[in-house]
Amino acid sequence: MPHAISGSGRGPGAHGHARPVHWASVPILWLLLWMAACSAAWPAAAQASGTPAAEPLRLEAATGRTSLAGHFARLVDPDHALTFADVLRADAEGRFEPQTLFRGAGQTPDVHWYRFDLLRETGAPADWILELGEAYIDHLDLHVPASLVPGPVASGGAAGYRVIRMGDFVPFSQRPMRSRLHATALTLPEGQPVSLYLRVESVSSITLRAAVYAVPAFAGYQMTNLLFLGLFFGVLAILMVGYVALGLLLRDGALLAYTAYVASVFTFYLFSSGIGALLLPDMPGELTNLLVGGSAFLGVAAAAGMWDRILSLRVQFPILHRIYAGIRWMGILAVPTAMSPAYSITNPVVLTVASLSTLIGAALSVRLAVKNPADTSARFYTAAALAAVAGLTVTQFTVRGTLPVDLMFADPYQIAVLVSVLCLGSGLALRIRRLQVERVRAQEESAFATKRAEEQRTFVAMLSHEFRTPLASIQGAAQMIELSGEVGTPSMRSRVRRIVETTRRMSDLVELFLSADALDQGALALKPESVPLELVIDEALEGLAGADGEPRLAVTVGTPERPVRVDVPFLGVAVGNLVRNALRYSPPDTPVRVAAGVAAGVAPGAVSGAAGGELVIRVADQGRGMSPEEVERIGSIYFRAASSQGTKGSGLGLYMTQRIVAAHGGTLTVESAVGAGSVFTIRLPGVGGEEAGAATGLPAERLPVQ
């Protein structure tokens, strides 16, 4: 899975960057161990195979490019103790082992010496170009006979040999040839074998390859590889530009994380392939290490964030979400170690952790594809994972010597990562399309629901309005009959009284429907005015005049003349609803306490700088109370608590009260317990007139319920 990129690691005292290996595609941990064992066992097997001495590479007039595979021998110096004179003696003693193929030696601190034998046939040109790779190898010191290259004998030369220093620790501007890999020109004698000795030291994985070019053919062969690299970087650049624009436009974290991952791949290969050296010819090796290793670590962080969002781990798997967040921070914090000896520790740790997270991500992408067959984006995520796994598997076999280095013309994972990012980009494009379709569908459904709700509101408002006239007529006729005195029997008078009360309640219900609908649509604009606090309470209790419950009310108003700025009619309706409910749900012989006052200061949550104090109105009863679950639902339209069973009501009163209080910028809170009654508190901040913070008669303690 294209989860991130990483090198293969370094040893202690590292000065070079790591072999470009992507950690995200490691299929299983035992595979790495098995390949490491193959890497360790291969040299011994090769030495014991009895391979005959390597023949010189014959360069003919028709030769354009030819590999040195099969024409070289190798000597390993694990102690870094051999001088060039020692190497010449070891060669004379037959200690160099002939090799048939270039194979990776894995990550090793050993120094490797190679001997190449070249023979220019009669009629072949004298000038040739020797090219060595990979670009990321730290030190390539080529010892050539002094007659083959112009200039003085370099430091370290011996027995008539010159030293040509190459490797990524030699700035590009100081290399013998300005090419992506490490190349030098040679002038070979005709018909005479020439032995070249190459010292290779790199704490990254050593995957050496070597080839000889005829001068006219060199540029043409380079063009093929440069065209592939141009295609590779061009695709990545297009993906970066396109998806960063989409990510910013849609504010999609997954797209931005994908762009960051692609950018890390772009940076990693730009410098590990040698292209970066062409752009920055005087760049020191330490900076190359930081750019290569740092981009690999940042790729770990970006890929972890990308898969976290693609797979919706925050919602689906919260624990994995936190783990991937930890991986992101691990990758970011490991960046400074890319240019220090600590890289030998951080790289394997990051590689192991990232490999495990890649396996998890691959499994989850397959699970997503199986669970949602209609979601084609999940198939692209799975394809991306499989491509990356295949690419890294081949790369690991190559790096560790199981497969020859010259198996492919390019890094196999470089090809795999190109396929992988294209699959990921396609999957994300389908994801965007799916989200857009779902958004359009949701908008259509919302528009339909809004239209239907509007039609229902219009119908209810029209029907309620039409009820007013007949109800008023019935109520007026009943009152006329009652006042005429023509109804003599008590039973008839009771029936007439019942008609009057019933029509009044129905009229109140119609008003509630119309007012609640207007509040819900925001069409009812408040008209606040400055009035004495006592007037607000009188307005609220005026509808209870003559009611049987009026003697049960215990009203306390602190500083009655204190001005408050509110919409008197609507606040009166809100308080009146609370008082009616308290009278209705309390036992007939228990009081209902109403207390009002302006408290000093501003209520929590009020707008800073609001003028005046906080208006507090409390209504307390001694009814049956409510459970905590019922308290949470207070204010929901048509909701009635279990304690309301057996009593009349519509469930609109508290809903309307809460909307009126909210329109004033206040809050409605409830304190209640089953069997202990309820206390409803209205708090309106910043309505206490101009004298903010003045004293009030409102008691600070909770109203007694007894």
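The values are calculated or read from the model by the stated rules, or taken from the named source; none is laboratory data. The structure displayed is predicted, hence computed values, not measured ones. Keep in mind that these areas ignore ligands, DNA and RNA; they rest on the heavy atoms of the full protein, side chains included. Shrake-Rupley method; radii C 1.70, N 1.55, O 1.52, S 1.80 Å.
Pop out the ³J(HN,Hα) list for region 168-175 in order, Karplus 6.51 cos²θ - 1.76 cosθ + 1.60 with θ = phi - 60°, rounded to Hz; leave Gly and Pro as x.
Using θ = phi - 60°, the values come out as 6, 8, 9, x, 4, 5, 9, 7 Hz.
Return the carbon/sulfur percentage of the accessible area of region 78-221, one whole number, probe 1.4 Å, all protein chains in place.
So the carbon and sulfur contribution to the accessible surface is 52 percent.
Around Leu132, which amide H atoms from residues at least 5 apart in sequence, or from another chain, sit under 5 Å from its own amide H, with H modelled in the peptide plane?
Residues meeting the amide H criterion: His182, Ala183.
Over region 311-415, what percent of the accessible surface lies on carbon and sulfur atoms, probe 1.4 Å?
Looking at region 311-415 in its full context, I get 75 percent from C and S.
Computed on alpha carbon atoms, what radius of gyration and Dmax characterise region 340-441, expressed in Å?
17.1, 56
Provide the per-residue ³J(HN,Hα) series for region 356-361, in order, calculated from phi with Karplus coefficients 6.51, -1.76, 1.60 and θ = phi - 60°, each as a whole number of Hz, with x at glycine and proline positions.
Once rounded to whole Hz, the list reads 5, 5, 5, 4, 5, x.
Please compute the volume of the convex hull spanned by the alpha-carbon atoms of region 62-125 and report it per residue in Å³.
For region 62-125, the hull spanned by Cα atoms encloses 119 Å³ per residue.
Let a ≥ b ≥ c be the square roots of the eigenvalues of the Cα gyration tensor of region 248-395; is it rounded (a/c under 1.5), or, if not, prolate (a/b larger than b/c) or oblate?
prolate
Mind checking the per residue accessible area of region 184-266 for me, 1.4 Å probe, whole number of Å²?
40
Determine the order of Ile499, Ile238 by accessible area, beginning with the largest, at a probe radius of 1.4 Å.
Ile238, Ile499
Under a 5 Å amide H to amide H cut-off, with H placed in plane at 1.01 Å, what residues pair with Val564 once short-range neighbours are removed?
Val531, Leu533
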